[in-house]
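The values are calculated or read from the model by the stated rules, or taken from the named source; none is laboratory data. Note that the structure is a prediction, hence the values are computed from the model and not measured. FYI the Cβ positions are ideal-geometry reconstructions off the backbone, even for glycines, and counts take in every protein chain you see. Note: areas computed on protein heavy atoms with side chains; ligands, DNA, RNA excluded. Shrake-Rupley method; radii C 1.70, N 1.55, O 1.52, S 1.80 Å.
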Amino acid sequence: MQTIILVEDMACEHCAAKIDRALSETSVKYTVDLPRKAVIVEGTQDDVMKARGVIGDIGYTVK
């Protein structure tokens, strides 16, 4: 299952890299899409919730 998490305050390459670094330390399969201000998660609802938590923990707002 593919789920798109909107991260409206991901504004630049630095933001995308920070999110990428944080998610790379998890088992979640994901793609950071800066132009769409989104993180695309491949996996279960648990993976989505884990990704949302990690992104929120590093200071970004998830929708």
Can you give the accessible area per residue of the chain, in Å², using a 1.4 Å probe?
-> 60
Share of the chain's accessible area from carbon and sulfur, percent, 1.4 Å?
-> 52
Taking 7 Å along the Cα-to-C-beta vector as the label spot, tell me the I58-E42 distance in nanometres, rounded to one decimal.
-> 2.0
Note the angle between two axes, namely the Cα long axis of helix 45-57 and the longest principal axis of the Cα atoms of the chain, as a number of degrees from 0 to 90, rounded to the nearest 10.
-> 30
Helix-derived mean residue ellipticity, 222 nm - over the chain, DSSP H n ≥ 4, -39500 (n - 2.57), to 500 = -12500 deg cm²/dmol
With every protein chain kept in place and a 1.4 Å probe, the residues V39, V62 fall, from largest accessible area down, as V62, V39
Roughly what angle does helix 13-24 make with the longest principal axis of the chain, taking Cα atoms, 0 to 90 degrees, to the nearest 10?
-> 20
